[in-house]
Each structure stands twice: as C-alpha cells, then as structure tokens.
1. Being in a helix (DSSP H, G or I), among the small types (Gly, Ala, Ser) and in contact (Cβ under 8 Å) with a residue 12 or more places away in the chain is the requirement here; does B:Ala3 meet it?
2. Run A:His69 past the list (1) in contact (Cβ under 8 Å) with a residue 40 or more places away in the chain; (2) more than 14 Å from chain B (Cβ to nearest Cβ); (3) open to solvent by 10 Å² or more (accessible area, probe 1.4 Å) and report the number of the one that doesn't hold.
3. So for segment A:30-43 (the condition being closer than 26 Å to B:Gln54 by Cβ, out of contact with any Leu (no Cβ under 7 Å at 6 or more places or on another chain) and buried (at least 19 other Cβ atoms within 10 Å of the Cβ)), does at least one residue qualify?
4. Can you pull out every residue in segment A:114-142 that is open to solvent by less than 80 Å² (accessible area, probe 1.4 Å), over 23 Å from A:Asp95 (Cβ atoms) and more than 14 Å from every other protein chain (Cβ to nearest Cβ)?
5. Among the residues of segment B:62-73 satisfying the criterion of being of a type in the set (A, V, I, L, M, F, W, C) and out of contact with any Phe, Trp or Tyr (no Cβ under 6 Å at 6 or more places or on another chain), which is surrounded by the most Cβ atoms within 10 Å (Cβ to Cβ)?
6. Please go through segment B:1-36 and give me each residue that is more than 11 Å from chain A (Cβ to nearest Cβ), closer than 16 Å to B:Ile47 by Cβ and touching a Phe, Trp or Tyr at 6+ places or on another chain (Cβ under 8 Å), ordered by number.
7. Among the residues of segment B:45-82, count how many are of a type outside the set (Val, Ile, Thr) and either within 12 Å of chain A (Cβ to nearest Cβ) or in a strand (DSSP E or B) (or both).
8. Checking the conditions here, which among B:Ser59, B:Ser46 is open to solvent by less than 40 Å² (accessible area, probe 1.4 Å), farther than 24 Å from A:Asp95 by Cβ and hydroxyl-bearing (Ser, Thr, Tyr)?
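The values are calculated or read from the model by the stated rules, or taken from the named source; none is laboratory data. Please read these numbers as outputs of a predicted model, since none were measured by experiment. Neighbour counts are summed over all protein chains in view; Cβ atoms, including those assigned to glycine, are modelled from backbone coordinates with ideal geometry. Just the protein is used for accessible areas: all its heavy atoms, side chains included, with ligands, DNA and RNA removed. Shrake-Rupley method; radii C 1.70, N 1.55, O 1.52, S 1.80 Å.
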Amino acid sequence: MNFWKQFKPKCCSVNLKAEDKPTALIELVENLVKAKALPAELQDAAIEALVEREDLGSTGVGAGVAIPHVKLKGLDRVACSVSIHRQGLEWAAIDGAPVNIYFTVLRPERGGDQHDPERHLEMMTWIAKLAREPDFRRFAGRAKTKTELVDLLKEMSAV
Amino acid sequence: MQALTVEIVNPEGLHARPCHAIVSLALQYECSLAVQCGEAVADGRSILSLMTLQACQGSELGFKAEGEGAEELLRRLQALVSGGF
C-alpha cells in the first residue's frame, strides 16, 4: 500500500506544542496550511469541522493514538499528516489514555480527479493497522525529524 | 456464547465513528466480543482492531459475545448496526 506517499514531511510534526485538545486541533490544521496542503481560506472551516467531529465522539482510538478526520467542503484532494506530541494530551480517548500520535485526515466532500472516496476506508484501515503495531508507536514516539517519521510510515507499510 | 449477524446499512461502512459506537457499547459489559467480516475477525472492544475489518456498506458483520449480559449486548448491537449507527 502506498498511502504513506500522501503524508508529506512538511505537513507533519515531531513536536506539537499544543497544551490541550482545542489548541492541538488548531496546530494540526495550521501545519497543513503552512505546508500548503490545505488552502488558507479553508483553515477556519477545517478547525471548526474537527472540533465538531470531536464533539460527536472522541477520535482517540486507544493506545495513545487519535485520528482526527473530517470531510471538508471546498477541498479537492486529501490533506493529511502524522504528528507527535511528546508528553501526550488528554483526548477523551476510548481507553482514557493520553494521546501522543495524531493521524490527521481532511478529505473532499465528494470524489473527483484528485480523490477517490472508495479508497478512504482502505486508507483508514491502513492507518489502523499501523497504529496497532507497538513497534510503530514506539519508533514514532522517538522520531527526531519529520522525514524520519514519514520514512517510518513507508517502512512499516511493508510489514 | 451468543451470536448474531447484521448487515451494514450506512453508506460509509464501518468507519471510525461506528467503531467507536460499537466499542463504547461493548465496554459497558463484562463480555468478550468478536466481530467477523468475511475471513477477518476483530476484537469488538478495540476501535483499532475493528477498523482493520474494512467493512463497507452491504457487508455482513458476525458478532459473537460471551459473558455476563451477552444477549443484551447483541440485542443493542443489532439495533445500533441496523439503524445505521
């Protein structure tokens, strides 16, 4: 699977600075905007959508992993990142544990040239399989650079 | 052991939020819960495990619960899944 190719190092972070869930969602979106993976005019809408999604139910899926993900009107291709928070943040995760690994996935509302909705479930499955691997979580938590983090996605995709 | 098979009716399939709903329900019971889709079997008490099933609309989910309240858990799961989560 080559889903790792959608994760550009410049969108990612190995040291999120946020102090809580709301500021983390803002930081995750800002990183996508700075990397030009998300148009700046969609920044506020993306943050709002992610907050609303968390209100429906935490995206903290357990084992220190969260997958903040939403559909976003006006987006024409998937914008995604993997990010690390060194200390971990309270996220109301299903297991109650703090979250330190974040897979952020913003996707278009509809399919198009740059987005195949049918592959979305496949991509989420790929993320879940990675996130279940204790080795992935351990190495991701220790990654020193964004490139190292994305390389880990590539390496672990082959396992 | 109690068992149940339900078809997924919601268009997006078994994505993260339905997985969260299943696990939240399962964790209310002192039961084991296995969820099968095709050949794959997942732990119904783990969102990450359920997400690996990649179950789309029209797929059949087989639930097997064992322990206290298993019957009630399956009844509530049937309502949850057939109601589109």
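1. Working: in a helix (DSSP H, G or I): no; among the small types (Gly, Ala, Ser): yes; in contact (Cβ under 8 Å) with a residue 12 or more places away in the chain: yes.
Judged against the criteria, B:Ala3 is not a match.
2. Every listed condition holds for A:His69 apart from (2).
3. Going through segment A:30-43, the residues closer than 26 Å to B:Gln54 by Cβ turn out to be A:32, A:37.
Now drop any that are not out of contact with any Leu (no Cβ under 7 Å at 6 or more places or on another chain), which leaves A:37.
Subset that is buried (at least 19 other Cβ atoms within 10 Å of the Cβ): A:37.
Yes, segment A:30-43 has at least one match.
4. Selection gives A:His115 alone.
5. Within segment B:62-73, the match that is surrounded by the most Cβ atoms within 10 Å (Cβ to Cβ) is B:Ala65.
6. B:Leu33, B:Ala34, B:Val35
7. Of the residues in segment B:45-82, the ones of a type outside the set (Val, Ile, Thr) are B:45-46, B:48-51, B:53-80, B:82.
Those left that are additionally either within 12 Å of chain A (Cβ to nearest Cβ) or in a strand (DSSP E or B) (or both): B:45-46, B:48-51, B:53-57, B:59-67.
Qualifying residue count for the region: 20.
8. B:Ser59
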